[in-house]
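J.: Shown below is the structure under consideration.
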Amino acid sequence: MSWKTLDHMQLMGKRVLTRVDINVPVENGRVTDTTRIDRIVPTVQHILNAGGTPILIAHFGRPKGQAVEALSLKVTVPALEAALGVPVKFTSLEQARETIAFAKNQVVLIENIRFEPGEERNDPQLAQRLADLGDIYCNDAFSAAHRAHASTEALARLRPACAGRLMAEELTALEAALGKPERPVVAVVGGAKVSSKLDLLSNLVGQVDHLVIGGGMANTFLAAQGHDVGKSLCEHDLAHTARRILDQAQAAGCEIILPSDIVVAREFAAHAPHETVAAEACPDDAMILDAGPETVARIGACFTSARTLIWNGPLGAFEMQPFDRATNAAAQSAATLTQMGKLISVAGGGDTVAALNQAGAADGFSYISTAGGAFLEWMEGKDLPGVAALTA
């Protein structure tokens, strides 16, 4: 990959326009989860240590081009200062030039860039206003890289551009997982609906050697194969699409692994009475809430023979015990193999991160992406404008 990193840039005395993602949860005027702030610390500290001035550009919520007081980035300043260990100068875009002039080798945070109507339009005039404030552009927000916005795409083309530490780490991990992976490659795709991941499934069957399908979407595939799924979540209208994906996989030499045994219950609730039956034996009055132990064993065997794993989505209703067992067992198996040096494992997506954390397996994976939509679009094989602008 041809993108540059901070190590390729001369930062001494330079003003570094640094696109970050600090779109953090806030409650009662305080940041309640600093994960995204913590992850930009290496980039900001590198710029400071190299004698540069990091000028942070970020969004917060969806103000749709309006200045919304409740979505001001000012609320993040105390958490930023605590994480960075240095003062942070907060400024509006209108006052940014004056603030930056008196902030050499200090951190500057510009107000929510989505207050500007031109941000989401990728407006070249807004991009030029931002470019005039700095000497170098650094994108450390992979989570916003799938958006062709002024601060992620147009601005990158107006100044010498590079990837920040977090962005570089993410791109390196993704390249290892799907760009030039060690084979065999296995992908796990779970979640509620096939309709939300059609592009993903269609792309993966041509890219991976094994595709594990779990969660509610597996029910649609089971129904497409003629199995009764009772009262389970199922998109019956997509049976033809599911069969087409199965045919594509067969033509590409990709093995699709669907549940061969299932855990069913009559009630969608934690600790509901349940039983394990064959995939083709779901009772009419029951719903499928998890994959069974036979399926988990097959998935574990697949992981053991693989070299690379990509994971997006849980295998069952992981939020409720005991319907988290398949997800937990598979995640722990992947983490163990990774720690033994036998597997490269990359995972991403909101439910995925939550499920892996719940299983106590997240720390064992090679890389966990918190990028959400950008991670999904990358798995779908789409070009990400924010990345393409860095490699131009």
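The values are calculated or read from the model by the stated rules, or taken from the named source; none is laboratory data. None of these values were measured; they are calculated from a predicted model. Every residue, glycine as well, gets a Cβ built from its backbone with ideal geometry; the counts of neighbours run over all protein chains shown. Surface accessibility is based on the protein's heavy atoms, side chains included, excluding ligands, DNA and RNA. Shrake-Rupley method; radii C 1.70, N 1.55, O 1.52, S 1.80 Å.
J.: Among the residues of region 84-101, are any assigned to a helix (DSSP H, G or I), in contact with a helix residue (DSSP H, G or I) (Cβ under 9 Å, 6 or more places away or on another chain) and within 17 Å of VAL44 (Cα to Cα)?
T.: yes
J.: For region 1-37, enumerate the residues that are closer than 17 Å to VAL86 by Cα and modelled with pLDDT under 95.
T.: THR34
J.: Given the criteria surrounded by fewer than 20 Cβ atoms within 10 Å (Cβ to Cβ), farther than 26 Å from GLU182 by Cα and in contact with a helix residue (DSSP H, G or I) (Cβ under 8 Å, 6 or more places away or on another chain), does THR276 qualify?
T.: yes
J.: Something else now. Out of curiosity, is ILE55 β-branched (Val, Ile, Thr), in a strand (DSSP E or B) and either buried (at least 23 other Cβ atoms within 10 Å of the Cβ) or out of contact with any helix residue (DSSP H, G or I) (no Cβ under 6 Å at 6 or more places or on another chain) (or both)?
T.: Yes; evaluated as a whole, the condition is true for this residue.
J.: Residues that are within 27 Å of ALA278 (Cα to Cα) and open to solvent by 10 Å² or more (accessible area, probe 1.4 Å): which strands (runs of 3 or more DSSP E) entirely in region 141-231 hold 1 or more of them?
T.: In region 141-231, the matching strands (runs of 3 or more DSSP E) lie at 210-213.
Residue-wise test of (1) open to solvent by less than 60 Å² (accessible area, probe 1.4 Å); (2) of a type outside the set (A, V, I, L, M); (3) more than 20 Å from ASN23 (Cα to Cα).
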{"residue": "ALA70", "(1), (2), (3)": "no, no, no"}
{"residue": "LEU73", "(1), (2), (3)": "yes, no, no"}
{"residue": "LEU80", "(1), (2), (3)": "yes, no, no"}
{"residue": "LEU93", "(1), (2), (3)": "yes, no, no"}
{"residue": "ILE100", "(1), (2), (3)": "yes, no, yes"}
{"residue": "ASN105", "(1), (2), (3)": "no, yes, yes"}
{"residue": "ILE110", "(1), (2), (3)": "yes, no, no"}
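J.: Also, quick follow-up: Give the residue, chosen from LEU166, LEU171, LEU178, LEU201, that is free of Cβ contacts under 8 Å to residues at least 60 places away in the same chain and aliphatic (A, V, I, L, M).
T.: Of LEU166, LEU171, LEU178, LEU201, the one residue that is free of Cβ contacts under 8 Å to residues at least 60 places away in the same chain and aliphatic (A, V, I, L, M) is LEU201.
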